[in-house]
Structure formats: C-alpha cells, structure tokens
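These notes concern the structure reproduced below.
The values are calculated or read from the model by the stated rules, or taken from the named source; none is laboratory data. Every value quoted in this text rests on a predicted model; they were computed, and no experiment measured them. A quick note on method: Cβ atoms are made from the backbone with ideal geometry, for glycine too, and the neighbour counts reach across all protein chains shown. Note: accessible area is taken over every heavy atom of the protein model, side chains too, but ligands, DNA and RNA are not part of it. Shrake-Rupley method; radii C 1.70, N 1.55, O 1.52, S 1.80 Å.
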Amino acid sequence: MIPDEVVERVREAADIVEVIGEHVRLRRVGTDFRGPCPFHHGTNPNFSVSSRKGIYHCYKCGVGGDVFTFMRAQLGLDFVESVKQLGERYGVAVQEVDTRGPRVRDEREPLWEVLGAATEFFRETLWNHVSAEPARNYLHERGISRETADAFDLGFAPRDGEALRQHLSGLGFTDERQIEVGLLVRRDDGDIYPRFRGRLMIPIADTGRHTVGFGGRIIGPGEPKYLNSPETRVFLKGRLLYNLDRAKQSLRKEDRVLVVEGYFDVLRLVAGGIDPVVAPMGTALAEAQAALLARYTKNAFLLYDSDEAGLKATFRSGLELLRHGVAVRVVSLPDGEDPDTFVARHGVELLERHIASAMDVFERQVQILERHGWFAELHRKRRAVDKLLPTIRATADPVTRELYLARLGELTGVDRAALQREVDASPDIRDRATNADSGSSQRSSDQRAGHAREVPDPPSSAGRPGKWGGRGTNRGRFGRGRGGRRWWQDAPEEFMDSSTPRPGNMPMRGAERSLVLAMLHREGLIATIAEQARPESFRDPLYAEIFALLVERGEAGDPAEMAEALSPEAVVELQSLLGAGGELTAPHVIVHDSLAKLRYFELSEQIDEVQQLLERAGGDRRVALEAERAQLTEERKALGVRGNWARTLGS
C-alpha cells in the first residue's frame, strides 16, 4: 500500500493537463481545457480537463476522474502502478508499505516540524516582544499591515541568539536537527550559534505548504541585508518560488504569473489584490523554477526593477521561460520604480494598466537595440542579429519562433532562410569543449600567467584590449560575433549581465576557479570538495552555479547535459574550464590551499559581523563577543594563509 500522504504529494506534483495532453489534443477554453473524448472516440470538444480542480469529465459519455483514474483507464495500469509512474515522472519518491505495520513517515517530516515550530516562534516574537519593536516599525513604514504580515507568517529573530535554540530544545528538537535545517550553525571548533539574529523573518514554503526555509531581512545597520537559509534536503533554492504555495491556484485560474524580484514586491501586490505573483530566491529564474511555473501557466509577466540590473535579470528569466514554451512579456515601470514602490504610490489599478500594455520580451530587446541605434548602420545590424539569436534559439514554441524570425528579418532585411541557418548553427557544448579552437592553448597560458577570467568590458572600450587582460582568444560562438568582435562590445548596458563579477573586487575567484577546475578534471574530487564547501561558500555566481551542478550530478555528469542546466554565462565559463585541465599540476595541493582560502574568507566575514555587533554591545554581551572574535581570529590565523591574498582580505 502507498501511504495517503505520498499519493497526495504525487497528485499535487502531477500536471493533469500535461499528462492527458499527451493523449488528447486539448485547447484552453476559459480556465479549463477541452478536446475530443478519448474514451468514446468523439470528435467534438466534449471532454473537459480542469487543471485547477485536477479532474477531467466528458459531458457526452459521462466518464470522469483524476489523473490516476486517467492513467488506469487510458494505459491499463492499476492504481499503484499509476502512482509510481507519475511519482517517477514528477520527482516524488513512492514506496509501498506493509499496512500491518506502523505508518511510514516522510523522511522530510522531522525537518518540516522544526521549521514549522521556528515559524511560530518568530511570529510570536514579532508581535509580542519588546525587542521586535524596530521590526514592527519597519513593517509600518513599508505599509505592510498586520493582516498581510499574518497571512505570510512574518516573524522576527531576536538578537538574543539563545532564545530560539532554547525554545526549540524545550519542544524536543535537538541541536543536530536545528543545524540540519540551517537555524543553527556549527563552527569547526564545535561552537554553535544562530544563523538569524535581529532579522525580520520571511518563511518560504514548498508547494505542499511546508515551511522549508527562511529569508531574513536585517533590521537596522548590518550586512548582508538579506540572509537566506542554506541549501538543505528541503530547501533547494533553485527549485523554489516564494509565494507559489499560495498563488498556484490563481496561476491556473487567471492563466498568468507575475514574476517579481523580492519578497516585499510579492507582499505589496498580494495585499493589493493581485494573487498570481511569485519571486525567485535570487534575481533571475533558474531552469527548474521556470519549468515549475510552466506547469501552472503559459503566460508570464516579468515585473523586475526598472534599473539596469533588473533589465538584465528580466532577459535571463525570459530565456528560461521561453525554453519551456511560456509566452513572456515585460512590464516596464517608470525609472526608479519597482513593483513595491509603484503600488505604494499609484495603486494596483494603475499597475494593472501597465501589465495590460506589457511588451513581448523579444520586442523589448528590439526596442532597446533600436534606441541605441543598432539597426541604423549596416555593420551594427550584424551584431544586432547576434544579440537577438539566443532569444530565438531559446524559444520552444514553434509559432512564436517563426514570428521572432519574421520580425528579425523585417528589422534587418536579412532573408528568413539565412536567419534560420544562423539559428541552427549553434554548436553543441560537447563540440565546443572537445574541439578546442586555436585560442584554447593561448587562453590556458594566459590564465597560468595570472590573467583574470574574461569578462565584458564597458561599451566605451570597443576595439581596445580588455581592462583586466588582453583581447580574448576564444573565437567560438559564445566568445565572439562576426568580424572577430566580442558580442558585448558596443552592446547596450541592459544586455550585459550585472551578476558577472569584475576582476579585482573578488579575491576568492582564484580559489573558487581552482576547486571547480579540479572537480571537472580529477576523478573522486567532487565528493571530497563537496564535504568541505557549499555553493553559498562561493562569491563568484558563475563558479557557484557550476559547483552546485557538479555536486548534484556527481562524477557521472555530462558536459552537454550540464550546459542545458546552466545559464549562458556559466556555459561560457564551463567551456573555458574544460579546456584548462593542464593547469592542474598538483591537484590535491591546489584543492587543499583553495579550501583553506574559502574558509579564511568565511572566517573574515564572521569576524566582521562580530565586530559590528561589538560596536553596539555592552556588559557581559561585549565580553562574550570579544571572546568570540578572538577565537575566530585565532582559527583564521591557524589556516596559514599568507601573502598578498590574505592582505587583499584586509586581515
């Protein structure tokens, strides 16, 4: 027998429209889908499928049921096999249990329990403790009512680090379980301290409404402004969307999703009556997040901030959604506005008018290029084509792709067949990695000589050597456009990725690069390194992205498959790393030193945090913090990191 809770998890995860759509030609009619009945072999659209209710029904012959009923009737499976097949398809582990024995609990339940208890503690603290008054004032200043705060289970983590630990211990939750979910952190010396202190706590739930992690917003001075839970068995940041647990029904009902950047954007819009709104656990959508949204709706509106970083995140998210057949539109807000501030000043009604006039993501890119004069000169049209082709390649819907090709031909005067050849010319990552171009050896020697990783120069540097190294040598499609020029030279800044780190502002880059390089080229090192480093230990977002995927895929990871799960910028870096294996002359020494540097940097951050607390502390609290600082400093010193690298950290 399969436990009822597992059956419900499979039912929730399965997309009934997707499953039935493989056997019946469905089209949307209102909030439901219609098609010919597969059971009485009708030709009229009497067969209705409701994604919102999770059921189907034929108004002619009267058959109906849920996704399991359909699998049994259409494929001849029994109930257990139907649940197993759907569970495997949608990533839910399904095991039969002996009904004569005790009920088998979901292995994640102990983690859900402690996180749920922490949510209640934080919420109680927010409204009933004097220490949370600054947080209550902050919510009032942001225009967040008590009703909205309670609807989202907002809370407060007190500065007294022992309060939560003692409360949860009194409920029977051990330190080990609190550490496992990221509420407590254990240092190498065995000391334990709370991850969240003095922060407004925003619970993050999975689609089953279980709290799986938190986002903590600092109240008062301090960094980082936002601190999220670490990756755990239940908190997989790239697979979660804030508010999807509450919004999923409205996504189906309204057949649209509004994607915003931050927690408070979500709070403001929902409080104003706009329900189908979600936010990623970062700026741009990850592949798994886009796939998750595509299960609920095929219409996405991107409401990112109107600044440069927001535009870059808009286009990255747009590509991910296009790959999953979602129609993507961009909502443009006035300069200096984000959804939170816009609704606070102008109201939801005016925002809905902006949404109604949203522009297709491809047209938005075209608009930006036109404003910068890219279609006014012949030689710049060539580069405009190079900039727009990735969007066309990413578009899974064939009709939309044809429309994009036709629009690009209209803009440039280039024959459609020629544009189609360009679209089809994108080489496979395996070819790019193994069929190294003539620049690979030069690139490797440049890196050994200490050159930083190639990154985009500002537009004003067109035609000159890069600020942090010589001209690039990679002549593959990812590296350059026609005429030997890099694709980003003279590009509008909105098209450049603000998340791409700049050399000189990130001393960790060399260590992070070495670790990822070793994981790619030396068998057995992935598990070894993963035991001592986590994605959040990395400061370069590209290396963090590749590292996380290597840990997920393990030794059997395939470069071609990895490329499909990486952002375009990370694919470029992966290509470079795959051709640089010759740099690993002493891999174990390099790994040891690089891990030490990562730990050194983490300790330095902790010391800075303690120092900030010291500036406001007194009495016994100050004595304890001084002791903690001395202990961290001694541990950092024991790592033996010396020379220019350590001085770069300001130690």
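Descriptive notes on the structure:
- Carbon and sulfur %, accessible surface of the range 319-370 computed with the full protein complex present, 1.4 Å: 47
- Accessible area of the range 1-76 belonging to carbon and sulfur atoms, whole % at 1.4 Å probe: 47
- The residues of the range 37-167 have, on average, 55 Å² of accessible surface per residue, using a 1.4 Å probe with all protein chains present.
- The slack between residue 532 and residue 596, meaning 0.36 nm per residue of separation minus the straight C-alpha distance, is 22.1 nm.
- Here the accessible area is traced with a 1.4 Å probe on the protein chains. For the range 154-304, carbon and sulfur cover 48 percent of it.
- The length gained by stretching the chain between residue 521 and residue 66 to full extension, at 0.36 nm per residue less their Cα-Cα distance, is 159.0 nm.
- Note on residue 166 and residue 4: with the Förster distance fixed at 41 Å, the Cβ-Cβ geometry gives a FRET efficiency of about 0.70.
- DSSP-loop trypsin sites (Lys or Arg not before Pro) across the range 185-259, with at most 13 other Cβ within 10 angstrom: 209, 225, 233
- Here r is the Cβ-Cβ distance between residue 379 and residue 346 and R0 is 30 Å; the resulting FRET efficiency, rounded to 0.05, is 0.10.
- Calculated FRET value between residue 359 and residue 239, using beta carbons and R₀ = 35 Å, to 0.05: 0.75
- Dipole of the range 50-177, positive end: most advanced residue of 115, 163, 152 [Cβ charges, Cα centre]: 152
- Per residue, the solvent-accessible area of the range 176-325 (1.4 Å probe, heavy atoms of protein chains only, all protein chains present) comes to 31 Å².
- Each of residue 275 and residue 553 was given a label point 7 Å from its Cα along the Cα-to-Cβ line. The distance between the two points is 4.0 nm.
- One chain, two ends: residue 620 and residue 22. Fully extended at 0.36 nm per residue, the span grows by 208.6 nm beyond their Cα-Cα distance.
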